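Comments concern the structure below.
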Ligand code: MSP
């Protein structure tokens, strides 16, 4: 029996409309959720919106709206994006829901009871855009304006009474945890950044704000609202009905398998979140993966920079699966990556239309002409046939491990190599010259169709809609997809009818 798999995206600030960076986190998470499902794991896939804090309060004020009405409106656009991206999420959580505030209050009460929180005064820098406190050495003066040298965001000076979490106390336990669990933070380079940050000394963390009201009130002192990151991080538990000890979801899915986040919010997930959990005596998530940024030119795409590529417009123009494919394959996972319409078009032409689409089209058209859309009933594999098929069996453990290590790049390379190999096989075997040797002709068609089936199963988590169209050739429906079956070579029912397929991806005329 495979282990249960709980994957989360960051919950997004509904401060403006969703952009490519949000789409990226969500699509990658969906890739893992789908692949784990077809690997027979029980999957819980969570996404949602992070609706409290000064950033949202100010965004609402700028629109002359009440924060809750503002969030209701924008949260809908994120929910809609989940649909447009064809996410297979199990739940969508909003931090303004009661089920969430109940969990946050419970966690706060535990921390207070365990003496992990005390009242004092904060004076220091705060970035509303990042909802983060920065120390003096993390702030620089840029033309008379104070900015964080970590994120580049504006900071403002804050002096107010605040509750503090005893973060400093958890410095050594955290370092020990990183050492004992070397894959808790991935990729490796980011783990090292986190470790040196923690080693440089953790100060106690301000976990409440007094000067505004849009948040969950501190239960013991209603003048304060709980710091939005303590509030937001708890969503991963509240969606499982924490603290309800009888909750089946909580039993089945906590600790989370994978928090997928962008590298800019690693400190919150790999330092603060595990420290809160250690302090509350709650088991820690298995892994935090900090992916890179989607860049537009050399810069991070963001609202304040005005360089946003709107995922909805791209999808309208090119379709969803090409965008999913591009983000999963062309952006080297773990690193920053670029997207432009030009690059997207080249990728559609080379990988999707020429390589994958063409393979499906020509094999099925050849089948139609020679076998009248039937799976051959007699076949005999040669050594070479076995060789091209067997690679999926030989490399199976390796492919499986890629997934568990979040090595999407190797996974995608394997697919692309096999697409080339399958096209080459069909070319080299020249079935159109084998009309007098029916057994051979049949076998070549059978092998080519098996290769299409195996590759398409591997592509299903990447481009689900197109893959389902291809699998429909063989009558395979979504619930029947078994990842393990890529190891088998004679799954197609001999003599059965197959279905035709329309053009999957249109080639795009380019002017270069
Ligand atoms: N609300 C917090 C997360 C709380 S999780 C408990 C937040 N929200 S966000 O909307 O600003 O960003 C959400 C995610 O989108 C982050 O992981 C961030 O890294 C990602 N992206 C935002 N812009 C991005 C790019 N241009 N490229 C890739 N991802 C980036 O932070």
Is any residue of the range 22-36 close enough, with backbone N under 16 Å, to a label point placed 7 angstrom from the Cα of residue 77 along the Cα-Cβ axis, and if so, which? 22-24
Along the three principal axes, how long is the range 341-487 when you take its alpha carbons, biggest first, rounded to the nearest angstrom? 47, 35, 30
Using a 10 Å cut-off on Cβ atoms, rank the peptides 178-188, 79-89 from the highest mean neighbour count down. 79-89, 178-188
May I ask you to order 67-73, 47-53, 408-414, 218-224 by the average number of other C-beta atoms within 10 Å around their residues, highest value first? 47-53, 408-414, 67-73, 218-224
Report the rotationally averaged projected area of the range 157-241 based on its alpha-carbon convex hull, in square nanometres. 7.6 nm²
Could you list 485, 467 so that the one with the fewest beta carbons within 10 Å of its beta carbon is first and the one with the most is last? 485, 467
The range 354-432: mean projected area of Cα convex hull, nm²: 6.2 nm²
Please give, to one decimal in nm, the separation of the simple spin-label points placed at residue 386 and residue 221, each 7 Å out from Cα toward the Cβ. 7.5 nm
Tail fraction, Cα-Cα pairs, the range 425-504, threshold 15 Å, whole percent: 59 percent
Could you put 163, 78, 197 in order, starting from the residue whose Cβ has the fewest other Cβ atoms within 10 Å? 197, 78, 163
Based on DSSP H runs of at least 4 residues, each adding -39500 (n - 2.57), what is the mean residue ellipticity at 222 nm of the chain after dividing by all its residues, to the nearest 500 deg cm²/dmol? -13000 deg cm²/dmol
Rounded D (µm²/s) - the range 332-390, Kirkwood Rh over Cα pairs, Stokes-Einstein at 4 °C, 1.567 mPa s: 87 µm²/s
Computed over the chain: longest principal axis from alpha-carbon atoms vs helix 358-371 long axis, angle to nearest 10 degrees, is 30 degrees
Got a sec? How would 482, 500, 55 order by Cβ neighbour count within 10 Å, fewest to most? 500, 482, 55
How far is helix 438-459 tilted, in degrees, relative to the longest principal axis of the Cα atoms in the chain, given as a value from 0 to 90 rounded to the nearest 10? 0 degrees
Going by alpha carbons, how many degrees (0 to 90, nearest 10) lie between the helix axis of 408-429 and the longest principal axis of the chain? 10 degrees
Residues residue 435 and residue 119, FRET efficiency given R0 of 56 Å [Cβ-Cβ distance, rounded to 0.05]: 0.05
If you stretched the chain out fully between residue 417 and residue 136, how much longer would it get, using 0.36 nm times the residue separation minus the C-alpha to C-alpha distance? 96.1 nm
By the mean-Cβ-within-10 Å protection proxy, highest first, 27-33, 127-133, 155-161 rank as 27-33, 127-133, 155-161
Can you give me the C-alpha center-to-center distance between the range 491-512 and the range 66-129, rounded to a whole angstrom? 44 Å
What number, in percent, do you get for the relative contact order of the chain if the mean sequence gap of Cα pairs under 8 Å and at least 6 apart is divided by its residue count? 15 percent
Run the Debye formula on the Cα coordinates of the chain, all scatterers equal and no solvent, and tell me log10 I(q)/I(0) at q = 0.06, 0.09, 0.13 1/Å. -0.33, -0.69, -1.23
Over the range 341-487, what is the mean sequence separation of C-alpha contacts under 8 Å (at least six apart), divided by residue count, expressed as relative contact order in percent? 29 percent
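Read-outs: derived from the displayed coordinates by stated rules, not from any lab. This one's a predicted model, so the numbers in the text were calculated from it and none came from an experiment. Note that we place each Cβ from the backbone using ideal geometry, even for glycine, and neighbour counts take in every protein chain shown.
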